[in-house]
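J.: I am attaching a structure below and will ask some questions about it afterwards.
The values are calculated or read from the model by the stated rules, or taken from the named source; none is laboratory data. Bear in mind that the values here come from a model prediction, so they are computed numbers and not experimental data. Every residue, glycine as well, gets a Cβ built from its backbone with ideal geometry; the counts of neighbours run over all protein chains shown.
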Amino acid sequence: HTIRDEKDPLSLQAIPTGGLEMYFDPLIKGKVGKKLLLRSPRNSIETENIIVQKEDGADVHLTINHILQAICEEEIEKGVKRVNGKGGFVVMMDPLNGHILALAQYPFFDPQDYKSYYNSIEKLEHTSIKAIAEAYEPGSTMKPITAAIALMANEELKAQKKPPLFNPQEFMPCKEGNFPGRGPLKDVSLHHYLNLHLAIQKSSNIYMARLAERIVQRLGAKWYRDKLTDIFGFGSKTGIEMNYETPGFVPSLTKKYSNGQLQWSTPTPFSLAMGYNIMASPIQMVRAYALFANGGYFVEPTLVKKIVKKGVQQETILVDHCQNAKTKPVIKKEIIEEIKKSLKYATKPGGCAALADVPGFTEGGKSSTTEKIIDGIYSKKVHISTFIGMVPMSHPRFVMMVVIDEPESKYIPGLGTTHFGGKCSAPVFSQIAKKGLNYLGEKNDDPYGYPKGDSRCDLQKADWVKENLELQELYRKWN
């Protein structure tokens, strides 16, 4: 938090200007009391006559775990410096109750020297928590969400006694990326045919655009948009306890941009399918992925575990977020399991985020490399690179998103091009997850899943090795 130099003339307390201190100021500042004071030229005597009873402020108990926070801060600093990036941040959340366990950002902000930040154009951007205050185009991390909506479309069409939208196991042509209203789409690598699991593992733009095309053709644009907003929560604030949270942006079916063009046009669904033409904050993305981690339950991210007001006789709990969320699931279990399988494939050999692998544990997630808009156009040289995942997959202790802003694009033999999310953000996820799970005392759920050469490695027993080999064989057969 930050404060002004001058103090409140009534309470003589510092005046907060940001952070949780400002958000909860009415609760934590308390009330000033008044006593009757008798005074003579030589002495002053306090009496028992209390005119106004003083009230202590409430105590705010945060969800942040200081050990996990320290781990995240250490690793995001290393990750940004490793690829000579502009900056980066990490969000870690418990998917069962929405507790934010860590919220790290680099370059760091020093509250004790806040004046130097507010008086510097270069340092000013470090004064806000970007994971909450800023929205960006999520890119390929949106693809599992597109896939989930397509599977929900299957359920909707089944209820209407109509043929399904698609079969997740069917091979879909992905060589040509021609769609109405826009230029041809391309994938990073050429794929002839893909199914759902391969499309997420290989991060296919064309496959996801074909799903979106079918959704709009069969169920309409409104149905598609409603799933983004009503099920996954995009386009609205999460309600986290910060004054400057961004709602993000989902294009409207009826509104226009300032230049007079409709926000939603023919090619819009194809862009949405691969995470463009939509703006989301990392907090919103973590909330969306929590649906996959917790079995389809919608949770509200929070930085507050509880707020307690201490009275003379007893304590009063003003806010209590200690319990896990108990709501009705908004996504069917079968759909969740299908998406979780795809996320596991993405972090295995052949996937775009194999460097997110957490030795000894089952993990899953999705990487993204998004072109930033510079001077009104998408830049081929400036990117924001991310990875979002969960671990362990059998019972995720946390969902975590790692974002690196403007990583250097450099080819390293044996690694690849460094600016891709799977190359710069995924390894940070792996390191934080490994250290975090060790701190939490989590038992290995993949005791044979270690790199080759490690004495604990057994590829015959390790999780998801057989399934991934079968998927890679299918890919070679089709392509």
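J.: Find all pairs meeting these conditions: Cβ atoms under 6 angstrom apart; at least six residues apart or on different chains; first residue within the range 59-88 and farther than 17 Å from Gly436 by Cβ and free of Cβ contacts under 8 Å to residues at least 40 places away in the same chain; second residue among the aliphatic types (A, V, I, L, M) and buried (at least 22 other Cβ atoms within 10 Å of the Cβ).
T.: none
J.: Same structure again: Within the range 365-402, can you find the residues that are buried (at least 23 other Cβ atoms within 10 Å of the Cβ) and not in a strand (DSSP E or B)?
T.: Of everything in the range 365-402, those that are buried (at least 23 other Cβ atoms within 10 Å of the Cβ) and not in a strand (DSSP E or B) turn out to be Met393, Pro396.
J.: Being outside any loop (DSSP other than H, G, I, E, B) and over 32 Å from the mean Cα position of the chain (by Cα) narrows it down to one residue among Glu473, Glu467; which is it?
T.: Only one candidate qualifies: Glu473.
J.: Give me the pairs, please: first residue somewhere in the range 175-186 and under 15 Å from Met274 (Cα atoms), second residue anywhere and assigned to a loop (DSSP other than H, G, I, E, B) and aromatic (Phe, Trp, Tyr), beta-carbon distance under 8 Å, and either six or more positions apart or on two chains.
T.: Between residues of the range 175-186 that are under 15 Å from Met274 (Cα atoms) and residues that are assigned to a loop (DSSP other than H, G, I, E, B) and aromatic (Phe, Trp, Tyr), the close pairs are Leu185/Phe179.
J.: With the structure loaded, tell me whether Asn243 is of a type in the set (S, T, N, Q), in the same structural domain as Asp187 (by TED's automatic domain parsing), over 15 Å from Arg225 (Cβ atoms) and in contact (Cβ under 8 Å) with a residue 24 or more places away in the chain or whether it fails that test.
T.: Spelling it out, Asn243 is indeed of a type in the set (S, T, N, Q), in the same structural domain as Asp187 (by TED's automatic domain parsing), over 15 Å from Arg225 (Cβ atoms) and in contact (Cβ under 8 Å) with a residue 24 or more places away in the chain.
J.: Scan the range 355-381 residue by residue and report those that are within 21 Å of the chain's Cα centre (by Cα) and under 20 Å from Thr417 (Cβ atoms).
T.: Passing the criteria: Leu355, Ala356, Asp357, Gly365, Lys366, Ser367, Ser368, Thr369, Thr370, Glu371, Lys372.
J.: Scanning the range 337-377 for residues that are out of contact with any helix residue (DSSP H, G or I) (no Cβ under 7 Å at 6 or more places or on another chain) and acidic (Asp, Glu), which turns out nearest to Leu228 (Cα to Cα)?
T.: Result: Glu337.
J.: Looking at (1) within 25 Å of Thr127 (Cβ to Cβ); (2) at pLDDT below 75; (3) outside any strand (DSSP E or B), which one does Ile3 not meet, given that it meets all the others?
T.: Unmet for Ile3, out of (1) within 25 Å of Thr127 (Cβ to Cβ); (2) at pLDDT below 75; (3) outside any strand (DSSP E or B): (3).
J.: Let me ask something else about it. Of (1) out of contact with any helix residue (DSSP H, G or I) (no Cβ under 9 Å at 6 or more places or on another chain); (2) loosely packed, with under 14 Cβ neighbours inside 10 Å, Glu334 satisfies all except one. Which?
T.: With respect to (1) out of contact with any helix residue (DSSP H, G or I) (no Cβ under 9 Å at 6 or more places or on another chain); (2) loosely packed, with under 14 Cβ neighbours inside 10 Å, Glu334 is out only on (1).
J.: Within the range 211-232, work out how many residues are under 17 Å from the mean Cα position of the chain (by Cα) and surrounded by fewer than 20 Cβ atoms within 10 Å (Cβ to Cβ).
T.: Looking only at that region, the number is 2.
J.: Anything in the range 96-147 that is of a type in the set (Gly, Ala, Ser), in contact with a Leu (Cβ under 8 Å, 6 or more places away or on another chain) and closer than 30 Å to Leu194 by Cβ? List them, or say none.
T.: Ala147
J.: Let me ask you something else. Taking only the range 427-447 into account, find how many residues are among the basic types (Lys, Arg) and part of a loop (DSSP other than H, G, I, E, B).
T.: 1
J.: Now a separate question. Under 25 Å from Ile132 (Cβ atoms), at pLDDT 95 or above and aliphatic (A, V, I, L, M): does that describe Ile384?
T.: yes
J.: I've got another one for you. Going through the range 430-442 one residue at a time, which ones are in contact (Cβ under 8 Å) with a residue 40 or more places away in the chain and closer than 18 Å to Ser394 by Cα?
T.: Of everything in the range 430-442, those that are in contact (Cβ under 8 Å) with a residue 40 or more places away in the chain and closer than 18 Å to Ser394 by Cα turn out to be Ser430, Ala433, Lys434, Gly436, Leu437, Leu440, Glu442.
J.: Of all helices (runs of 4 or more DSSP H) completely enclosed by the range 176-236, which ones contain at least 1 residues that are polar (S, T, N, Q) and in the same structural domain as Glu156 (by TED's automatic domain parsing)?
T.: The helices (runs of 4 or more DSSP H) meeting that bar are 196-202, 205-219.
J.: So, one more: Can you tell me how many residues within the range 119-170 are assigned to a loop (DSSP other than H, G, I, E, B) and within 24 Å of the chain's Cα centre (by Cα)?
T.: Residues that pass the stated criteria total 6.
J.: Pull up the range 247-291, narrow it to residues that are in contact (Cβ under 8 Å) with a residue 24 or more places away in the chain and at positive phi, then point me to the one that is surrounded by the fewest Cβ atoms within 10 Å (Cβ to Cβ).
T.: If we take residues in the range 247-291 being in contact (Cβ under 8 Å) with a residue 24 or more places away in the chain and at positive phi, then Asn277 is surrounded by the fewest Cβ atoms within 10 Å (Cβ to Cβ).
J.: Picking from Glu334, Glu371, Glu338, which residue would you name as being farther than 18 Å from Ala147 by Cα and acidic (Asp, Glu)?
T.: Exactly one of Glu334, Glu371, Glu338 is farther than 18 Å from Ala147 by Cα and acidic (Asp, Glu), namely Glu371.
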